[in-house]
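The values are calculated or read from the model by the stated rules, or taken from the named source; none is laboratory data. As the structure is a computational prediction, the values presented were derived from the model and not from experiment. Using ideal geometry, Cβ is built from the backbone for each residue, glycine included, and neighbour counts are taken over all protein chains shown.
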Amino acid sequence: MLDIHRLKIFLKIAELKSFSRAAHELYLTQPTVSQHIGALEQYVGMPLFDRADRDITLTRAGELLYGYARQIIALQDEARQALDHFKGKKTGHLVIGASTIPGEYILPPLLGDFKKPYPDIQITMRIADTAVIVEELLSRNLELGVVGGRIKDEHLQYAKLADDEQVLIVPRRHRWWAKKEVLLEELIQEPLVMREQGSGSRMSMELNLREAGINPGNMLVSAEMGSTAALKHAVRSGVGVAFISRRAVVDEVAHSLLRIITVAGHTFSRVFYVVTDRKRTLSPLGKSFREFLLRQKT
């Protein structure tokens with residue numbers, strides 16, 4: 001029989017890549033953890049972890065079980081939520097995903113507001129680029145996501161959450177610092193720092209450039225960054241100028257570390273979406289959170 005408790009131990013070891021750290025977090029002894037994994041490996045008939053030196057990695061069999069184990073644990077939690085909901089309680093563990101801007105600037109206060117009447121719920125938010133969030137959602141590792149770009153897939157359902165504006169930022173000592181606006185033609189010749197491929201910011205910016213009549217492939221991209229924070233640091237260090245969410249540079253602009261420059265005749269906007277998987281029925285907690293988000297004005 002596939003034991004739920006052993007699957008949880010297996011997932012914790014896979015997450016932490018350590019038997020000892022997993023034992024510590026689960027309040028178990030290391031021999032007990034090893035005993036449970038040994039029993040699980042005996043059940044599946046093959047090793048689940050490679051234990052070379054101090055590195056703990058999943059075997060191919062472990063990787064296969066990992067995806068199913070996460071789904072089994074999530075389904076167990078959904079069942080518990082449904083029964084609690086039937087009894088008039090709201091409990092459970094909600095796992096959501098978000099791309100960088102909504103994950104860092106929009107969702108945190110909303111999560112606090114949502115939790116206030118439901119002290120017994122737990123929410124985990126994973127932040128990654130839009131492509132990763134969608135992949136995790138379709139793999140049933142997340143119940144819903146909040147992203148800044150739309151990836152075409154017949155299984156995905158998008159609902160508008162909030163509008164956003166992408167603004168052009170320049171660092172101190174840049175020759176445009178004293179300007180209020182620049183022409184789009186000037187921008188084409190300027191080194192540009194962009195987010196990595198797969199991010200909602202990159203998708204939206206490239207779409208906006210095309211709508212302005214500019215081929216993104218003709219832009220002089222000097223660097224690609226994997227996070228909003230890295231992008232801001234790169235601009236401040238003189239690597240290039242960049243487009244970024246206005247929400248993300250409020251403090252830097254207020255302290256004159258970065259300056260927003262208007263691109264004459266153009267506004268670069270985008271939308272943040274709540275994305276769900278059409279094939280999956282949301283848990284009562286997931287459904288309540290989605291409805292809560294779509295009632296907000298951000």
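Quick rundown of the values:
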quantity	calculated
Criterion violated by Y273 - all others in (1) among the aromatic types (F, W, Y); (2) loosely packed, with under 14 Cβ neighbours inside 10 Å; (3) in a strand (DSSP E or B) satisfied	(2)
Filter result for the condition that a residue is in a strand (DSSP E or B) and more than 19 Å from F272 (Cα to Cα), over I169, I214	I169
Restricting region 112-142 to residues that are loosely packed, with under 15 Cβ neighbours inside 10 Å and in a strand (DSSP E or B), the residue that is modelled with the highest pLDDT	T124
Those residues of region 208-237 which are more than 18 Å from I133 (Cβ to Cβ), of a type outside the set (K, R), in contact (Cβ under 8 Å) with a residue 60 or more places away in the chain and surrounded by 14 or more Cβ atoms within 10 Å (Cβ to Cβ), in sequence order	N208, V235
Conditions (1) out of contact with any Phe, Trp or Tyr (no Cβ under 6 Å at 6 or more places or on another chain); (2) buried (at least 16 other Cβ atoms within 10 Å of the Cβ); (3) not acidic (D, E): number failed by V33	(1)
From I72, I13, residue being at pLDDT 90 or above, surrounded by 12 or more Cβ atoms within 10 Å (Cβ to Cβ), over 20 Å from V274 (Cβ atoms) and over 21 Å from the mean Cα position of the chain (by Cα)	I13
Region 263-277 - residue that is of a type in the set (S, T, Y) and within 17 Å of the chain's Cα centre (by Cα) and, of those, farthest from A98 (Cα to Cα)	T276
Search result, residues across region 248-266 that are on the phi < 0 side of the Ramachandran plot and out of contact with any strand residue (DSSP E or B) (no Cβ under 7 Å at 6 or more places or on another chain)	A248, V250, D251, A254, H255, L257, H266
Test set (1) at pLDDT below 95; (2) farther than 20 Å from I260 by Cβ; (3) assigned to a strand (DSSP E or B) - G145 fails condition number	(1)
Among (1) under 26 Å from the mean Cα position of the chain (by Cα); (2) closer than 21 Å to E15 by Cα - the single one E41 does not satisfy	(1)
